[in-house]
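First comes the structure, then the notes that go with it.
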Amino acid sequence: MPPHWKKFIKDQGLAGRETEIPESADLSGVGACIEWLDDEGSRSEREDLYPGIAVAKLGYIPVGGCSIGTGDPYFIREADGEGGALYRIYHDEVREDGFVSQQAIAVVLPDYRLVAKFKNA
């Protein structure tokens, strides 16, 4: 995980915790219940599971999982750098043979640091 993300998670006390983002704040309009991944969870999502395997080569870094069981993980993108978007990647839209990014990837927050607004929700 990038140093700026690790610092954010530590500073906000989010490691291993859950955050709820309401539908009204989620740019995709569905809301999110996110359990934040530690380094090992991120590595496992990236190396062992889809969609993490498929999107890792595009610079997406898994940072959270759905805490209500949808199976849709959450990512930041390395190229976005500090203050980049938080993304949801729909697991059922990504397969070994590929995916259509417009269907598979949704922006949840335009700046992942906005998570701090909802950490105690």
> Can we say I53 is of a type in the set (A, V, I, L, M, F, W, C) and closer than 15 Å to L114 by Cβ?
Replying inline: no
>> Consider the range 32-50. How many of its residues are over 13 Å from the mean Cα position of the chain (by Cα) and assigned to a loop (DSSP other than H, G, I, E, B)?
In response: 2
> For P62, which of the numbered conditions (1) at pLDDT 95 or above; (2) in a helix (DSSP H, G or I) fails to hold?
Replying inline: (2)
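Under the condition of being under 19 Å from E82 (Cβ atoms) and assigned to a loop (DSSP other than H, G, I, E, B), which residue from the range 1-26 is farthest from the chain's Cα centre (by Cα)?
As a first pass, look at the range 1-26 and keep what is under 19 Å from E82 (Cβ atoms): 1-15, 19.
With the extra rule that they be assigned to a loop (DSSP other than H, G, I, E, B), the set shrinks to 1-2, 13-15.
On the way: M1: 12, P2: 13, G13: 17, L14: 13, A15: 13 Å.
Taking the candidates together, the pick is G13.
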>> Considering only the range 83-99, I want to know if a residue exists there that is out of contact with any strand residue (DSSP E or B) (no Cβ under 6 Å at 6 or more places or on another chain) and at pLDDT 90 or above.
In response: yes
> Name the residues in the range 9-31 that are of a type in the set (A, V, I, L, M, F, W, C), surrounded by 14 or more Cβ atoms within 10 Å (Cβ to Cβ) and at pLDDT below 95, would you?
Replying inline: I9, L14
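The values are calculated or read from the model by the stated rules, or taken from the named source; none is laboratory data. What you are looking at is a predicted structure, and each value in this text was computed from that prediction instead of being measured. A quick note on method: Cβ atoms are made from the backbone with ideal geometry, for glycine too, and the neighbour counts reach across all protein chains shown.
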